[in-house]
Amino acid sequence: MANKSWKPSIIGFMCNWCSYAGADLAGTSRIQYSPEIRIIRVLCSGRVDPKWIIKAFLKGADGVIVLGCHFGDCHYITGNYQAEKKIKATQEILEMAGLEKERLYLDWVSAAEGMRFAKLVDQFTDKIRKLGPLKLDDEKRKKLTAALLTVSNDKVRWVVGREFSIIKDGNAFGEKLVPYEFHEQIKSIIKDNLKKSLIMAVLKSGPKTVREIASDLREPESEILKQLVDLMRLDKVEMGGVKDRNPLFALKGE
Amino acid sequence: MGADSEEKRVGVFICHCGLNIAAVVDVKKVAEWVRKLPHVVFVRENIYTCSETGQAQIYQDIKEHKLNRVVVASCSPRMHEPTFQKVLEKAGLNPFLFEMANIREQCSWVHGHDKESATLKAFDLIRASVSKVVRDEPVEKIRQEVKKEALVIGGGVAGMNAALLLANAGIKTHLVEKNPSIGGHMAMLDKTFPTLDCSICILGPKMVEVGKHPNINLITYAEVIDVEGEVGNFRVKVRKKPRYVDVDKCVACGDCAEKCPVKLPDEFNRGMTIRKAIYIQLPQAVPAAYLIEEEHCLRLKTLKKGGKEVCGLCLKACERDAINFDDKEEIIELNVGAVIIATGFEIYDPSQEPKYGYRRFPNVVTQLDFERILNADGPTKGELRRPSDNKPIKRIAFIQCVGSRNEREKGAGRYCSRVCCMITAKQAFMIKEHEPDVEVYVYYIDMRTAGKGFEEFYQRGRKEGITFLRGKPGKIEEDPETHNLILVAEDMDTGVLLKNEVDMVVLATGLRPPQGLVELAQKFHLSRSEDGFLMEAHPKLRPAETPIDGVYLAGCVQFPKDIPDSVAQAGNAAANALGLLSKDYIEMTPLHPVIDLEKCIGCGLCEINCPYKAIRVVKTEKGKKAEVIEIACKGCGVCGASCPEGAIEMKYYSDKGIEAMIDALLEKKEVEV
Ligand code: FES
């Protein structure tokens, strides 16, 4: 649990046109709120790259809050819809990797909502205080590294980046997709990718056998083997010797 | 020479902002810590950095200490970023090698009770800015040619004035009005307060001037449907509805309307008189021409259903051959450098509050209805008669603040609509002038009469024998036989419960944002204030500008105001637009991305997601690659944030810069308060 003197580190991404202006309005109206948040101005919430978020956690952030314009108000028309998909996927990745997804939060604040801005920041800060520090031990670092690999993966970025437009306009064949079903497909792609990333994160510390990886990740050996075969086909992993008559797997080129 | 090869020399200027910052943030201490940051070669504290002297200091210090990057820690960059960037430019630096740390709005003003945290936070924000600025690279501004035409949306008194000012200055101005005639609400008013000028008498000549001005392209019965582009070069699509009457041929004789069999309530007289399906909006309409309302014309309705050419009585009646049933909707494309929005307001609809009985009781009317009753062209030809039975009015009551200063009612505003008190004062005064014996009661909470000559006018009304009662009736009841209205209210000055039977009630209805404003705001990416009206760029200093360059506001679309204030704001908007349009080109911040062609695989996700079609995939020698159309790009960065290959980098506000900020903000602090 959090100790008294601990102050959470919170990074906020605010879009220039609504939420950052809302923060300014909180200022000019002298509305007081929790001081832990550190705001980074971006032009649009859709500009926030999931990579930044995971990197922030890796650097020691305890929480990340992204605030954009309300739907319909985005200065760039659809940026906040894009942001919603990206942040949601990032939350899911955090959760699949076994981290608290509540540490990442997305909401909307207009330029006229100084009060709401302050309230959301207070609520989020409180929540992070309750969750306590992220405490980056090896285990968590490994998970976050895997999460970073996942949000950087081209396939994952493609499907997440495509979600909004596919649901709006249909796929390449003009078929309309059911948002829920499509999102489930995306999730399974992400999950698959995250597993690979986790294996790679484990292999970072040197070559390992299937059993070692499986016990480390608490996954069945068959599943690990399947992913390893994929990874070898993707040229990411190679055989790296033998240990107790069991083959060792290693990151390619390391 | 690459920016990397030169030594980075950052100067940091920390502002006290009088006591606004210094009273909370320990500026001295922060300055001490900042001095130790890598690349920081110079730190100065200023009392007011934005002042003339403050700016001159920065200039001098850049020269003297050979600074090549600058950080100012003061207020919001949304306020003064351009101010300081100009100083850099003057001193010969690239204006984008500059960062602001917002230590006023984000520290001193919001953490006033926790000076220690505010001080630490201020340091963090500055440290992040320094980290970013040393990674920033110079970027060149983009030049945008300025299209020397203007668009004014809304042809009420504000829009007309703005258009005239621009047109008189030689600017080709397009004025788009949604109604068949310009004139707006002011054309419906009988008199104006406090001078009691006849409204249409002062407005009419202006309307004619607008209609005849060689530099004004008047587009009535039309609306804006699409907006593209940016300051200096907006491309606007306007849909003009068919009138079915040739404006040039029509002489507004009215023969057609006499023959037309379709009777409809006349909106201009607030539904208290009848008009035909072929009609003219008001006698003084500009353009002075009739039109056929498609939805109600018998012939057009039947034709639309595939039927025969029926009726056609107007066709036969028109001697000038002005009627054209083949008229079609027109899409007009405009290309303008500046836009003024002046779409005005809508009056509150009191029927959503059943207690007032509006629309249920014929003798309950709004102020705007009553304006028409007072008017010589209105339903009673200016005689004080009530709607239910046309009987002369002997006792009349006004109820103030209907739909204003109301937190509970959903469609109402929390704000004071500013004009209703004076309208009541004027209307009460007019009644007394028409018929001195009529008893007039005004139920109010506060009478607000701030304005030149307003209080004097109101006091004059009191002397004329108008009874002002502090207190609002809880509800209005009607005597079903006489259609008289019964009001019960507590007179708050005496505490006595008063029952009052009157012939007629006038509701002082508030002003609300006009319908369609949400959509219009979205087309221009404008924000609305909490009250629903359009938000200005700065409430004090830039009341007619918006956060979007090249888009200005005039009149009630920004907030309810009276006629002189609307006209004044129109002047401000026009002056701003002129300032812009007097330039041949403007320089814009280069917000667009650059593509790393080595990494790009031409997958096209950026093209799919770009809201401005500013990026597209083209075939090159090296295969398919993304290409940026710089001038169309607005810099949102969605493409970069989702590029699967990490091949897109924003030039300004780069990933490198932002990641440097993240790192700096999360670095362990080696300082103590
Ligand atoms: S600009 Fe605010 S979310 Fe896009």
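Mean partner shielding of peptide B:99-106, defined as the number of other chain Cβ atoms within 10 Å of each residue Cβ, is 4. When each of B:W33, A:W108, A:W158 is scored by the number of other beta-carbon atoms lying within 10 Å, the sequence from fewest to most is A:W158, B:W33, A:W108. Taking label points 7 Å from Cα along the Cα-to-Cβ direction, A:E175 and B:A169 give a separation of 5.8 nm. Taking amide H atoms as placed 1.01 Å from N in the peptide plane, the amide H of A:L248 lies under 5 Å from those of A:G240, A:G241, A:V242, A:K243, each 5 or more residues away in sequence or on another chain. Fully extending the segment from B:V618 to B:E6 would add 216.7 nm, taking 0.36 nm per residue of separation and subtracting the current Cα-Cα distance. Look at the stretch A:110-117: the mean tally of other chain Cβ atoms within 10 Å of its residues' Cβ atoms is 3. A simple packing score, the average count of other Cβ atoms within 10 Å per residue, orders the peptides A:176-183, B:649-656, B:287-294 as B:287-294, B:649-656, A:176-183, with the highest score first. Computed from the C-beta positions of B:R235 and A:D244 and an R0 of 60 Å, the FRET efficiency is 0.25 to the nearest 0.05.
Counting lysine pairs in the stretch B:577-673 that sit 8 or more residues apart in sequence, or on different chains, and whose Cα atoms lie under 25 Å apart gives 26. For B:K410, the lysines whose Cα comes closer than 17 Å to its Cα, not counting residues fewer than 8 places off in the same chain, are B:K355. Packing-based ranking of B:478-487, A:185-194 yields A:185-194, B:478-487, ordered from highest to lowest mean Cβ neighbour count within 10 Å. Within 10 Å of the Cβ of each residue in B:74-84, the mean number of Cβ atoms contributed by other protein chains is 2. As a rough footprinting exposure proxy, the listed residues B:S529, B:S417, A:S205 were ranked by other beta carbons within 10 Å of their own, and the order from fewest upward is A:S205, B:S529, B:S417. Computed from the Cβ-Cβ distance with R0 of 45 Å, the FRET efficiency linking B:K355 to B:E45 stands at 0.15. Using the Cβ-Cβ distance between B:R460 and B:A376 with R0 = 22 Å, the FRET efficiency computed as 1/(1 + (r/R0)^6) comes to roughly 0.45. Extending 7 Å from the Cα toward the beta-carbon at both B:N390 and A:H70 defines two label points whose distance is 4.8 nm.
Net charge in the neighbourhood of B:I331 (other residues with Cβ under 12 Å of its Cβ; Lys, Arg +1, Asp, Glu -1) is 0. Couplings 3J(HN,Hα) of the stretch B:245-254, computed from phi: 9, 6, 4, 6, 8, 5, 10, 6, 6, x Hz, in residue order, whole Hz [Karplus 6.51 cos²θ - 1.76 cosθ + 1.60, θ = phi - 60°; x for Gly and Pro].
Going by neighbour counts of Cβ atoms within 10 Å, the residues B:W109, A:W17 line up, fewest first, as B:W109, A:W17. DSSP assigns beta bridges within chain B; of those with both partners inside it, close to 50 percent run antiparallel. Expressed to the nearest 5 percent, the antiparallel share of DSSP beta bridges inside the protein assembly as shown is 45 percent.
Once backbone amide H atoms are built at 1.01 Å from N, A:N16 has A:V42, A:L43, A:C44 as its partners under 5 Å, excluding neighbours fewer than 5 places away on the same chain.
Label positions at B:L19 and A:E219, each projected 7 Å from the Cα along the C-beta direction, are separated by 6.2 nm. Full extension of the segment from B:E519 to B:I486, taken as 0.36 nm per residue of separation minus the current Cα-Cα distance, would add 7.7 nm. Two tests apply to each whole DSSP H helix in chain B, Cα reach of 15 Å or more along its axis and mean Kyte-Doolittle hydropathy of at least 0.5, and the ones passing both are B:157-168, B:199-212, B:563-581, B:655-666.
Of the peptides B:402-412, A:60-70, the ranking by mean beta-carbon count within 10 Å, highest at the top, reads A:60-70, B:402-412. Estimated purely from DSSP H runs of n ≥ 4, each contributing -39500 (n - 2.57), the mean residue ellipticity at 222 nm for chain B is -8000 deg cm²/dmol once divided by its residues.
Readers should treat all values here as calculations from the given coordinates under stated rules, not as data from a laboratory. Quantities reported herein were computed from a predicted structural model and do not represent experimental measurements. Ideal geometry is used to build each Cβ from the backbone, glycine not excepted, and the neighbour counts take in all protein chains shown.
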